[in-house]
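The values are calculated or read from the model by the stated rules, or taken from the named source; none is laboratory data. A quick note: this is a predicted structure, and the numbers were derived from the prediction, not measured. So basically every Cβ, Gly included, is an ideal-geometry build from the backbone, and we count neighbours across all protein chains shown.
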Amino acid sequence: MRNLLIVFLLFTVPLSAQTLTEARAMYINGEYEKALPVFEQELKRKPKDVNLNYWYGACLYHTGNPTAALPYLVNAEKNKIPTASLLLADYYHRQYQFDKSAGHLDKYIAFGLSSNSDKVARMLKASEKAKQMLKAVEDVVFIDSLVVPMDSVFENIRLHSANGTVLPLRKLFPEKGDSLSVAYLTERKDCVFYDDTTAENGWDIFSLNRTMNSWETIDLVKSLNQASNERFPYVLNDGITIYFASDGYNSIGGYDLYVSRYHLASESFFTPEPLPMPFNSVYNDYFYIVDEYVGRGFLVTDRYAGKDSVTIYTFIPESTRKILSGKSEQEIIEYARLTSISLTQDGIDTDSIQTMLEERYQYDNNTVLHELEHTGSEQLRFFVRDDLVYENENDFRSEEARQAYLQYLKLQARFNSLNTQLEADRPKYTGKDNPEQQELASRILNAEWVLLFLERDIPLKEYEIRRLELEKIDASINN
């Protein structure tokens, strides 16, 4: 029996050593999940081993368990393992405890190592910049959040057609970019902004103008691109304001969001400015999109999303920036981190806001409200030109013009109906704080919003009808 035990020990000791060697190789190759159980087993045998504490803590950290990793990394740092200080600095940076992060970076510097000097310098700059940003967090209301796979972002962001279109780049140009590349196509579909790879700078932003049936490169956005990666452009309706993401410009963590405006005189963009927290964070923040017609915005980030996923936050954009005030330091940190969107709502009825915004979105020439489809509409006289007046739909020669005329009748009927509704609702509104008055206020605001669209769309529809009908008349004359 004693001989059998000796044989067993002879075989098990080398096996343990060999497994530990393999685990170290896995660690070096970034295979933290595979190495983790081996280090855990060895640490149980040698709980005071400094290297095992570091390896185990580092594996926990890199596999998404930073809090559990903390005591092991602290132990390793106390026992003079420099890279433990780097991980602790990263941990506190992600907790928005930027002074603590800088403190651990100072400890790493004190070891006098030349390796990682560029990385440490970047981390120190990021901590200082983030610390300053924390002093001016924007007060903004977030009304919804949704975690989705990264490759389904476009399916979950719906913009009113008047804003243009955000779509996968490969739907426009199959040979460009990757599955996450974005294209922003203007409402008139005559200009596109997109991201694509380059041999020199990684990812850059480009722009094209449509000329007849082809696309022509223009250098509008060239000044925005750096040696870093610039991606995910979105342009406001003014045509000069662009939002994009970059991991350069001294970002505070991965991709940060930036805004710039085009200077017509110099024919270039101004130096980009980072968006404030909570839009920017110590994680990757990819998209900032504002639907100016509906009155809602979208923030796409990988914070709290998990592997290969992103969180899409919906917020209410404001015309002027308001700085968060009247909060404790910890409350500001939680707000900046967006640990819960309820922190931004301050008792606001977000359900009614979402309902109103959805109704605004639904009002579109291509997505007409169900009630509009069932609106009764009288036949109206239509002036095609001064000497040509139609009495009803049967007078039209062009089928396309006739269909546009029927849409025009419904738009006009809806306009009249909403005006009548508002005339009845406005005298009833007293401003009192009760459910009936809140519902009335929501109905009035929504009706006023839809009227703005109708005032814009009815003349455009009239123009479309005339154009289609006159083209048909001219074609028949020429034939």
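Restricting attention to the stretch 255-280, the residues being surrounded by 18 or more Cβ atoms within 10 Å (Cβ to Cβ) and of a type outside the set (A, V, I, L, M, F, W, C) number 10. All of E423, E400 fail the test of being modelled with pLDDT of 90 or more, assigned to a helix (DSSP H, G or I), loosely packed, with under 15 Cβ neighbours inside 10 Å and not aliphatic (A, V, I, L, M), apart from E423. Between V182, V141, V147, V153, the distinction of being β-branched (V, I, T) and touching a Leu at 6+ places or on another chain (Cβ under 7 Å) belongs to V182 only.
Could you tell me whether the stretch 428-447 includes any residue that is over 36 Å from the mean Cα position of the chain (by Cα), over 22 Å from I348 (Cβ atoms) and part of a helix (DSSP H, G or I)? Yes - at least one qualifying residue is present in the stretch 428-447.
Being β-branched (V, I, T), free of Cβ contacts under 8 Å to residues at least 60 places away in the same chain and part of a loop (DSSP other than H, G, I, E, B), is that true of even one residue in the stretch 216-229? The answer is yes, given that some residue of the stretch 216-229 is β-branched (V, I, T), free of Cβ contacts under 8 Å to residues at least 60 places away in the same chain and part of a loop (DSSP other than H, G, I, E, B). So which residues in the stretch 156-168 are surrounded by fewer than 19 Cβ atoms within 10 Å (Cβ to Cβ) and within 13 Å of the chain's Cα centre (by Cα)? Answer for the stretch 156-168, where residues must be surrounded by fewer than 19 Cβ atoms within 10 Å (Cβ to Cβ) and within 13 Å of the chain's Cα centre (by Cα): N156, I157, R158. Filtered by the rule that a residue be surrounded by fewer than 21 Cβ atoms within 10 Å (Cβ to Cβ) and under 20 Å from the mean Cα position of the chain (by Cα), the stretch 188-202 gives a lone residue, D196. Here A305 meets the list (1) small (G, A, S); (2) at pLDDT 95 or above; (3) within 19 Å of the chain's Cα centre (by Cα) almost entirely, failing just condition (2).
For the stretch 113-130, state whether one or more residues are under 25 Å from L52 (Cα atoms), of a type in the set (K, R) and at pLDDT below 95. The answer is yes, given that some residue of the stretch 113-130 is under 25 Å from L52 (Cα atoms), of a type in the set (K, R) and at pLDDT below 95. P317 fulfils the conditions (1) out of contact with any Asp or Glu (no Cβ under 7 Å at 6 or more places or on another chain); (2) modelled with pLDDT of 90 or more; (3) more than 23 Å from V450 (Cα to Cα); (4) not acidic (D, E) except for a single criterion, (3). From the set of residues in the stretch 365-386 that are at pLDDT 50 or above and within 18 Å of Y463 (Cβ to Cβ), which is surrounded by the fewest Cβ atoms within 10 Å (Cβ to Cβ)? Ranking the candidates gives D386 first.
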